[in-house]
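Reading through the structure tokens given below for one structure.
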Amino acid sequence: MCGIIGYTGDKEAYNILLEGLERLEYRGYDSAGIASIHNNTIQHHKKKGRVANLKLTVLPGKTGIAHTRWATHGKPEDKNAHPFVDETEEFAIVHNGIVENYLELKEELRNSGVFFSSDTDSEVIVHLIAKNYTGNLQEAVLKILPRLIGAYAFCVLKKDSNEIIGARNGSPLIIGLGKKENFLTSDVSAIIEHTHKVIYVNDFELVRITPFSVEVCDFNGTQKPLDIKEVNWNLEQAQKQGYKHFMLKEIYEQQQVFLDSLKVPVKIEKSFSRITIVACGTAYYAGLIGKYVIERIAKIPVNLEIASEFRYKEPLINKDDLVIAISQSGETADTLAAVRLAKQNGARTLGIINVINSTISREVDEVIYTRAGLETGVASTKAFMAQLVILYKLGFFLAGKEIDLTSLTEKITQALSLNEEIKQLAQQYYHYPNFLYIGRNLNYPLALEGALKLKEISYIHAEAYPAGELKHGPISLVSEEIPTIAICLQDSIYEKTLSNIQEIKARNGKVIALATEGDKQIKQIVDDIIYIPKVEEIFYPLIAIIPLPLFAYHVADIKDCDVDKPRNLAKSVTVE
Ligand code: F6R
């Protein structure tokens, strides 16, 4: 949540920061701003809305910091946009995170005569630094850090210097190492054009960069060795490559992701009696499919928990438990907190994580990296596919069985070829303000994921239910006005789902079925149909997960929604 970037070097900072911000926009896009140093003064410019709004005002300077915001404290307005400067405009900061004790700090600073220009929590940081500065910026920052309660990654600069100081506690911060230039960023994608050499800053570390030097120390000021890593992403992964949206590109990349994921070795020590999966959103739905698969194939009980609930639950886990955290970003604050709690309780932790070296991947005992590559669209698609493949492999490994999924590759291609058909269907249905999604068994998590995709990118209200649950209440919603997307594949509960569809049809509800190729029976009942290729029952999610986001994508595109950056959302949810 919120993206920050800093540059100091021999080039003009403005374009580098702006391009970096555009890549960080997935982290929030409520406002954006830049500050740079020129002629020993801080130039700054910030605006409500997208990064593109900054383009008209070019700021000179070879050292600068920038921010793209996901609003937490204070509305998305110009005055609440970062960077923040102190009253004498000597220092500027950008911050990602939440200063939880900001009210108390604000009161104290106000009482000492400080004037606040925003409603944010972040602004206290710059005023605290100004108050504590006695000639050395690093010392001033070290002095104020113990006063900040909450999560943060922030960058600060001073008007007459080319140094940038950064500090991290809970939010991501990465150093990029260049030639006669260095960077600080929330995410590697923002600097990948300039360098592949990075240092992942840990919690409770402070960083000082100048064009020629990089230093890392702990919060007591003790110098630490530099742990330089090489990133193997490339720029193409961060570009749309002819697709209208990243989301569509990423849906199409699922076949490659599937193939890459098949190569991931999935072997863990089987020394546990129970599994608990913790995750949020789409990753949670992948976990739900994982639960079905592991329980069915390996006969091991799997408890599934939404990470934000688990963390406050006093969970009954101990050293005999394996806690699996699933996360694309590896930065989700709730999932990270769930991992920490699991560790405190003595459980063994395993991460199924996409972003290499992300915080969760570094904190878990073991990690299996998914091979989805860089996912930019805020709505997760290819990462979900990658998570599913790993969970299937894990289920089969735990059962001591071999699995060969390669034959599914061509079925995935077939499912992708449904794009045009689905687009037409979206034309027919995009104007409905409400949708129901139903499915039973393995198809229920798919219904949840389909509904989540539709609501998050097209702003259409969509609710998912286990099909058998409709009669316990939700069926009263059924009418001509609310179409139902029914996932009714030819599996062991096909007839049951079909009966549930009949119940909807008997009440004049429109039904679009996601059905198995060759199923003529269902065609006579439903209004519209999307056929997917037949596969073994347990593997249907790997195919069915292609048309569902495609439908959501086309509905959102027809409605002219900002598909890759839906309102109110951010890709990396680093606040509670
Ligand atoms: C939905 C979506 C979110 C994420 C959730 C967890 O399309 O992307 O629901 O799945 O915020 O994020 P990660 O996987 O990064 O922990």
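Here the dipole of the range 3-236 is about 280 debye; that uses its Cα centre as origin and unit charges on the Cβ of Lys and Arg (positive) and Asp and Glu (negative). Note on Leu477 and Glu104: the model spin-label points, each 7 Å out from Cα along the C-beta direction, lie 4.3 nm apart.
In degrees between 0 and 90, to the nearest 10, how far off the longest principal axis of the chain does helix 13-24 point, with axes built from Cα atoms? In the chain, helix 13-24 runs at an angle near 30 degrees to the longest axis. Think of each Lys and Arg Cβ as +1 and each Asp and Glu Cβ as -1; about the Cα centre, that makes the dipole of the chain roughly 380 debye.
In the chain, a dipole from Cβ-located charges (positive for Lys and Arg, negative for Asp and Glu) runs towards its positive end, and of Val555, Gly3, Ile412 it is Ile412 whose Cα lies farthest in that direction. In a fully extended conformation the segment linking Ser118 and Ser271 would gain 49.8 nm over its present Cα-Cα distance, using 0.36 nm per residue. Between helix 281-298 and the chain, what is the angle of the helix's C-alpha long axis to the longest principal axis, kept within 0 to 90° and rounded to the nearest 10? On a 0 to 90 degree scale, this one is about 50. Short-range pairs are left out: with C-alpha atoms under 8 Å and at least six residues apart, the relative contact order of the chain is 12 percent. As a length-normalised measure over Cα pairs under 8 Å and 6 or more apart, the relative contact order of the range 422-576 settles at 29 percent.
Report the label-to-label distance for His461 and Thr409 in nanometres (one decimal), using points 7 Å from each Cα along the Cα→Cβ vector. Between His461 and Thr409, the simple spin-label model gives 4.5 nm.
When the Cα convex hull of the range 239-403 is projected onto planes of every orientation, the mean area is 8.9 nm².
Packing, taken as the mean count of other beta carbons within 10 Å per residue, orders the peptides 35-46, 214-225 from highest to lowest as 35-46, 214-225.
Looking at the chain alone, DSSP beta bridges between its own residues are antiparallel in about 60 percent of cases. For the pair Asn345 and Gln428, label points projected 7 Å from Cα toward Cβ lie 4.7 nm apart.
Note on Lys240/Asn111: beta-carbon distance plugged into 1/(1 + (r/R0)^6) with R0 of 41 Å gives a FRET efficiency of 0.20. Taking the accessible area of the chain, probe 1.4 Å, and keeping the other protein chains in place, the carbon and sulfur fraction comes to 48%.
Here the scattering of the chain is modelled by Debye summation over its C-alpha atoms, one equal scatterer each and no solvent; at q = 0.06 Å⁻¹ the log10 of I(q)/I(0) is -0.32. For the range 463-477, backbone phi angles converted through the Karplus equation (6.51, -1.76, 1.60; θ = phi - 60°) give residue-by-residue couplings of 10, 10, 9, x, 3, x, 8, 3, 5, 8, x, x, 4, 5, 6 Hz, Gly and Pro being listed as x. Taking packing as the residue-averaged number of other Cβ atoms within 10 angstrom, the listed peptides 324-335, 104-115, 555-566, 478-489 run from highest to lowest as 324-335, 478-489, 555-566, 104-115. Average 1/r across all pairs of distinct alpha carbons in the range 379-455, invert it, and you get the Kirkwood radius: 15.0 Å. Seen against the Cα atoms of the chain and their longest principal axis, helix 547-558 is set at about 60 degrees. The alpha-carbon atoms of the range 3-236, seen along their principal axes, cover 49, 42, 33 angstrom, with the largest extent given first.
The values are calculated or read from the model by the stated rules, or taken from the named source; none is laboratory data. Here the structure is a predicted model, which is why all the values come from computation and not from measurement. All Cβ positions, even for glycine, are placed from backbone atoms using ideal geometry, and neighbour counts span all protein chains on display. Please note that ligands, DNA and RNA were not included when accessible areas were found on the heavy atoms of the full protein model with its side chains. Shrake-Rupley method; radii C 1.70, N 1.55, O 1.52, S 1.80 Å.
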